[in-house]
Every structure is written in structure tokens, then in C-alpha cells.
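Undergrad: Here it is: the structure, laid out below.
The values are calculated or read from the model by the stated rules, or taken from the named source; none is laboratory data. Just so it is clear, the model here is predicted, and its values are computed rather than measured. Because the Cβ atoms are built from the backbone with ideal geometry, glycine has one as well, and the counts that use them run over all protein chains shown. When the accessible area is computed, the model is the full protein with side chains, heavy atoms only, and any ligands, DNA or RNA have been set aside. Shrake-Rupley method; radii C 1.70, N 1.55, O 1.52, S 1.80 Å.
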Amino acid sequence: MARPALIRRGVLLEYLTVGWNVVEGFVAVLAGIASGSIALIAFGVDSIVETISGVVLIWRLKSEERGELDEEGIERIERRAELLVGVSFMILAAYVAFESIRTLITAEAPDPSPVGIILTTVSIGVMLWLARAKYETGVALGSRALIADSHQTRACWYLSAVALVGLALNALLGWWWADPVAALAIVVLLVREGWEALNGEDDDDD
């Protein structure tokens, strides 16, 4: 595929990412607050981070599409985008870790959330497709920022799965602690991906 077509594909994927995550984040945060689910709130906040990252990638790709930047300018935007993705990961990891530990200590039992279960189930399919499509496009373009963003989308897929497990165990078995443990389990992944983005490392294992 020619580079202009790849850029247009990357822009389309980022628009889809932003659109989906705006809806997903809004619904997840509201459902999480209503049920007291830290896993669901963390899932919603992750969607907000995904939205910010998507907007940055749209800016980067559209700038190249319009021919506004030379190779040095594109490299500069790439690095800024990577840094923003990395910082976003670290902020999200710190938030999830703090709230998960606080919930475990205070033994705050969340209510079952049917909305959260449906949302995370749908998100698993959407995020997996977006992550693979963005990774393939990023590799074809040689864009580290788009590859890093695909890793963030993949992390959202993992978070969807883990959040779903926690929500399901709480709803079906009454295991309230499964919700904060599920949220806490994703912290290591978030830190790893954040560190790789901050240091400009590419993970070729998809």
C-alpha cells in the first residue's frame, strides 16, 4: 500500500479510536461511579487516555498528509507523541494502583454492574481489532508513535478482559475483592508499556 493511503488509513483508525473511546469512557465512568467499581472507573479513565493519544496521532498523521513537515519535523512530533503516550500510561498506572489498594484496605464492596459487563465484553472485540490494525499500519509507515499507540490500545484490550473478569466474579459469586484485584493486575502492564514509550522502545511481539 502506498504511503499516502497508509496515512489515510492511520487517520481513519485514530478517528475510530477517539469516537469509540469517548462513548466508552463516558459510559464506563458513569457506570463505575454508580456501582462503586474501581475496575470499571479505571477502564473508563483508560478510555480517556486513549482519546488524548488518538488526538495526538491524528495531528501527527494529518501534518504529514498535508506536507507541512520535513523528516526532521515528523521525527520531532513522533517523539512528542511517544512521550505523551508514555506519561499517560504512568499516570493511569498510578491512579489504578492507588484506588485498588485503597479499595482493598477499606473493603468497599462494589455493586454488580450489568452495563459494565456488556460494555467490557463489546470492548474486547473492538480494542483487539483496532490494536492489530494500528500496529500493522504503524509498522508499514515506520511510525513509532502509531506503534506505541497500538500498544496502548492493546493494553486497553487487556484491561477490558481483566475488568470483565472482576465484574463477572463480583456479580456472579459476590467476590467484591475481585474488582480491585482485577484493576491492580493491569498496573504492571501499564508501567511496562509506559516505560517502553518513554524510552522510544518498539515491541515487535504482537
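Undergrad: Looking only at residues that are surrounded by fewer than 20 Cβ atoms within 10 Å (Cβ to Cβ) and not in a helix (DSSP H, G or I) in segment 1-58, which one is nearest to the chain's Cα centre (by Cα)?
TA: Selected residue: G36.
Undergrad: Could you go through segment 11-22 and let me know if any residue there is under 19 Å from S88 (Cβ atoms) and of a type in the set (S, T, N, Q).
TA: The answer is yes; a qualifying residue exists.
Undergrad: Among the residues of segment 92-129, what is the count of those that are over 16 Å from I38 (Cβ atoms), surrounded by 18 or more Cβ atoms within 10 Å (Cβ to Cβ) and not aliphatic (A, V, I, L, M)?
TA: Count: 1.
Undergrad: Report the residue count in segment 177-206 for those that are assigned to a loop (DSSP other than H, G, I, E, B) and modelled with pLDDT of 85 or more.
TA: So the answer is 1.
Undergrad: Counting only residues that are within 16 Å of L83 (Cβ to Cβ), of a type outside the set (A, V, I, L, M) and open to solvent by 10 Å² or more (accessible area, probe 1.4 Å), how many does segment 174-199 have?
TA: 3
Undergrad: Let me confirm something: among R154, R132, which residue is open to solvent by 60 Å² or more (accessible area, probe 1.4 Å) and either of a type in the set (D, E, K, R) or closer than 23 Å to L12 by Cβ (or both)?
TA: From the options R154, R132, the qualifying one is R132.
Undergrad: For a quick check of your reading of the model, give me the residue pairs whose first member lies in segment 124-152 and is more than 28 Å from V165 (Cβ to Cβ) and in contact (Cβ under 8 Å) with a residue 60 or more places away in the chain, whose second is open to solvent by 50 Å² or more (accessible area, probe 1.4 Å) and among the hydrophobic types (A, V, I, L, M, F, W, C), with beta-carbon atoms closer than 7 Å and at least 6 apart or on different chains.
TA: Matching pairs, first to second residue: A140/M1.
Undergrad: Sticking with this structure for a sec: Which one is modelled with the highest pLDDT among residues in segment 86-134 that are in contact with a Gly (Cβ under 8 Å, 6 or more places away or on another chain) and not in a helix (DSSP H, G or I)?
TA: Residue satisfying both the conditions and the ranking: S113.
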